[in-house]
1. In the neighborhood of residue 173, defined by Cβ-to-Cβ distances under 12 Å, what is the net charge if each Lys or Arg adds +1 and each Asp or Glu adds -1?
2. In whole Å, what is the distance between the alpha-carbon centres of the stretch 12-61 and the stretch 239-298?
3. Let me make sure I get this right: for the chain, a, b and c are the square roots of the gyration tensor eigenvalues over alpha carbons, sorted descending. Under 1.5 in a/c it's rounded, otherwise prolate if a/b > b/c, else oblate. Which is it?
4. Report the chymotrypsin sites (Phe, Trp or Tyr not before Pro) located in the stretch 184-253 that are in a DSSP loop and have at most 12 other Cβ atoms inside 10 Å of their Cβ, or state none.
5. GNM, the chain, Cα, under 10 Å: largest mean-square fluctuation among 272, 207, 128?
6. Using the Cα gyration tensor of the stretch 1-108, with a ≥ b ≥ c the square roots of its eigenvalues, what is the shape: rounded (a/c below 1.5), prolate (a/b larger than b/c) or oblate (neither)?
7. What relative contact order, as a whole-number percentage, does the chain give when Cα pairs under 8 Å and 6 or more residues apart are counted?
8. Could you give each residue of the stretch 69-75 its phi-based ³J(HN,Hα) in whole Hz, using Karplus coefficients 6.51, -1.76, 1.60 with θ = phi - 60°, and x for Gly or Pro?
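Rule-based calculations on the coordinates, nothing more; no lab input. Small disclaimer: the values here were computed from a predicted structure and weren't measured. FYI the Cβ positions are ideal-geometry reconstructions off the backbone, even for glycines, and counts take in every protein chain you see.
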Amino acid sequence: MATLCGRQQADQLIDYDTPTGQEKMPLWKFVDTIIADLGERFMTNPLAGFFPLIRLTGQDARYLDNAYRFRDAMRKLIEDKKKTPSSEDETDSIDMFRVLIEDDYYKDKPEEIINEVIVMFAAGMKTIQVSTTNVIQFLHFNPEYKKRLLEEIEGPLNEISDDFMTKLTTDVVEDFSFTRNCFYESMRLHPPAPLSSTSCFSKDITINGVHFPKDSAFYINIMGMNRDSEEWQRPDEFLPDRFDSESPLYARPDGGKRNPLTFSPFLGGKRICLGKTFAETTIRLTLPLLFYHFDFETVTPDQELVRYIPGGVKDPEVPFRVITKRKMTQKI
Ligand code: HEM
């Protein structure tokens with residue numbers, strides 16, 4: 001959030017309309033909540049997809065009021081930043097708003113700046129949250145793998161525990177290959193974007209004997225590829241070692257080499273996720289820290305992993321929450 005709008009602005013309070021009244025929320029929580037509300041709106045009212053600006057229900061009205069209030073706050077933020085150029089503002093950091101405000105193309109187009117930043121908020125926040133939470137869940141339900149992850153990270157992190165801020169570098173986490181495999185395996189089983197957005201063929205084409213006329217729409221079933229039983233052994237099980245090239249699980253069930261495109265949680269080609277490197281680096285740096293400092297347990301014992309319903313939307317059948325217990329032996 002700070003990289004998008006600056007550390008100070010991330011904490012500014014904005015009124016959020018909830019079903020029971022109004023609540024003051026810091027900007028980061030406001031964004032998180034409105035993205036969740038947007039998903040719920042499309043789930044509960046499919047017509048919202050066709051008439052996004054129409055207030056068909058009370059939920060629509062609340063959502064739109066919040067969205068307009070959010071844009072107002074963003075306009076004010078742009079105005080405030082414009083008053084103090086970055087060269088004169090020692091308290092501010094370089095963030096995405098700042099970069100766009102000072103860009104020749106964007107500088108007089110506040111609505112476009114807001115649109116760009118909203119895309120980044122939407123694409124970058126929930127995805128990283130969901131990916132991180134899923135690893136925590138999978139390891140919670142697979143304690144033998146959690147033990148292996150802790151064995152991998154604890155020694156090296158103990159050595160740099162006096163100053164993680166400067167000493168926990170990407171080189172350090174590069175050696176945490178089992179932690180990476182747990183992250184990848186979690187992304188394989190529960191990709192934060194289970195379906196791509198829709199694309200169209202630019203010309204007539206035949207693929208595997210199936211003909212698609214020009215302009216036909218299609219989407220890529222990322223989750224389907226991730227669980228393809230011709231490519232993955234025991235595809236529905238959480239087996240992080242399948243990403244270890246030394247493991248027998250690395251091969252396809254028929255012993256052949258896996259098609260590398262089978263694992264594409266960030267998609268690929270020209271429309272590959274713009275934030276792939278940022279997301280992977282962030283998650284690979286934060287996961288070891290989270291597991292080093294905290295223990296996790298479910299709030300009630302009967303909680304299950306989130307389930308996915310057709311259409312690619314995450315539907316937590318039993319809400320999964322965790323109690324984090326700070327490990328008393330470690331200092332932060
Ligand atoms: C684990 C985290 C993430 C996952 C799994 C993920 C996944 C994806 C996928 C699958 C797409 C392609 C969507 C499509 O075209 O159908 C995509 C696009 C995109 N992602 Fe991510 N993403 C993640 C994090 C981020 C972050 C952190 C940012 C920004 C900071 C970001 C920005 C974008 C943008 C701007 C696009 C659109 C690119 C384009 O259409 O040219 N993503 N992401």
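1. Numbers: positive: 167, 180, 284; negative: 152, 171, 174, 175, 280.
That sum, taken over residues with Cβ under 12 Å, equals -2.
2. What the calculation gives is 32 Å, centre to centre.
3. oblate
4. On the way: sites: 184, 201, 218, 219, 232, 238, 243, 250; in loops: 201, 219, 232, 238.
Of the chymotrypsin sites (Phe, Trp or Tyr not before Pro), the ones in loops of the stretch 184-253 whose Cβ has at most 12 other Cβ atoms within 10 Å are 219.
5. Comparing 272, 207, 128 in the GNM, the peak value goes to 207.
6. Working: a/c = 2.80, a/b = 1.98, b/c = 1.41.
Because a/c hits 1.5 or more and a/b exceeds b/c, the stretch 1-108 counts as prolate.
7. Details: 373 pairs, mean separation 40.8, N = 332.
Result for the chain is 12 percent.
8. Ordered by residue, 3J(HN,Hα) equals 5, 5, 5, 4, 5, 5, 4 Hz.
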